[in-house]
Structures are given as structure tokens and as C-alpha cells.
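Written out below as C-alpha cells is the structure these notes cover.
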Amino acid sequence: VLFRSNRRAVVRRGDPLSHLATEVYGTESLTLLDVLGRSNPDLTDLDHIEPGQSVLFPEPRPETRVFGTGEAVSVLVATTRDRVAAERIRRSLPPGMLGLSTVEPGRLGSLRVYRVVVRDLGGELEARDAAARLGPVLGPGAPDAPH
């Protein structure tokens with residue numbers, strides 16, 4: 001990875017996004033990869049990034065969990081391959097978020113995943129507040145942080 005400025009990089013070899021995340025952040029998780037995919041909508045194949053493609057690596061702060069705009073704004077709590085784990089993460093949410101949360105099946109590259117998402121928060125300010133209560137995407141408090 002060759003950084004141009006801040007956290008935008010030009011890929012020098014065709015690595016999967018997980019390898020690039022480990023190189024940039026020192027670790028990777030499915031939640032982080034999900035955030036990276038949302039931050040880089042031009043990437044069509046997260047399993048193989050073409051040399052020369054530009055990739056944005058946002059700071060893994062709480063606000064990177066927020067996606068959508070206006071009334072459709074949501075917060076990504078966690079992404080996992082295990083539906084039971086996703087339900088466990090969802091049930092551990094604070095009461096104000098629990099009632100607004102869902103487990104949504106989807107794809108992340110070639111992987112089938114389950115996303116824990118909090119929707120219908122009322123707007124971006126409320127979504128940012130919820131994300132702040134969840135904490136950064138990486139770190140000891142992250143739901144799928146490596147142990």
C-alpha cells in the first residue's frame with residue numbers, strides 16, 4: 001500500500017481488503033471490513049483489490065459506524081459470520097438501541113455475513129450519539145475485537 005495523503009492509499013498489488021486492513025490498522029475484523037466497503041463504494045470485489053485502485057482507510061472512530069442520511073441513517077454495530085453471535089451482540093445492546101436493532105443477512109465480498117444494525121434513530125445526531133456509546137470500530141470494546 002502506498003499512501004498518498006491522510007488515509008487514502010493506492011494499492012500496489014492485488015491483495016484482498018483484509019490484508020490491506022491488517023497492514024494499515026494492525027488488525028482486521030469483519031466489522032472493520034464492512035466499514036471499509038461502505039467507505040469505498042467503487043470497490044466491486046473486496047476479496048481482490050486491483051493494483052492502482054485508490055482505497056480510503058478512515059480512522060476507526062465511532063462515527064465510522066454511521067451510514068445513510070436523513071431519516072434513513074443507521075448505525076452498524078457489528079458484522080459477523082455467525083448468526084447466533086450476531087443475535088448475542090444484538091441482545092447485549094442498551095435498551096434504547098435494542099428495540100431499534102435488527103440482525104440482517106448479507107454479503108461481504110464472498111462471505112455470507114450477519115450485520116447487527118440499529119435503525120430509525122431519528123437523525124444523524126442521534127445516530128452519532130448511539131455510535132459514540134458503542135465506541136470505536138476497533139479496540140477492546142468492539143463487539144468482534146480479537147481476543
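The values are calculated or read from the model by the stated rules, or taken from the named source; none is laboratory data. A quick note: this is a predicted structure, and the numbers were derived from the prediction, not measured. Please note: Cβ atoms are built from the backbone with ideal geometry, for glycine as well, and neighbour counts cover all protein chains shown. In case anyone asks, the SASA skips ligands and DNA or RNA and just uses the protein heavy atoms, side chains included. Shrake-Rupley method; radii C 1.70, N 1.55, O 1.52, S 1.80 Å.
Residue by residue, here is whether (1) assigned to a loop (DSSP other than H, G, I, E, B); (2) touching a His at 6+ places or on another chain (Cβ under 6 Å); (3) hydrophobic (A, V, I, L, M, F, W, C) holds:
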| position | (1), (2), (3) |
| --- | --- |
| 14 | yes, yes, no |
| 24 | no, no, yes |
| 52 | yes, no, no |
| 87 | no, no, no |
| 93 | yes, no, yes |
| 103 | no, no, yes |
When you look at residue 44, is it over 9 Å from the mean Cα position of the chain (by Cα) and without any contact (Cβ under 8 Å) to a residue 12 or more places away in the chain, yes or no?
yes
Is it fair to say residue 82 is more than 15 Å from residue 135 (Cα to Cα) and either free of Cβ contacts under 8 Å to residues at least 40 places away in the same chain or surrounded by 16 or more Cβ atoms within 10 Å (Cβ to Cβ) (or both)?
yes
Filter result for the condition that a residue is in contact with a Leu (Cβ under 8 Å, 6 or more places away or on another chain) and either farther than 21 Å from residue 39 by Cα or open to solvent by 70 Å² or more (accessible area, probe 1.4 Å) (or both), over 100, 93, 111
100
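Test residue 51 against the criterion of being at pLDDT 85 or above and touching a Gly at 6+ places or on another chain (Cβ under 7 Å), and give yes or no.
Spelling it out, residue 51 is indeed at pLDDT 85 or above and touching a Gly at 6+ places or on another chain (Cβ under 7 Å).
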Output the residue which, of all residues in segment 9-41 that are exposed (fewer than 15 other Cβ atoms within 10 Å of the Cβ) and in contact with a strand residue (DSSP E or B) (Cβ under 7 Å, 6 or more places away or on another chain), is farthest from residue 55 (Cα to Cα).
12
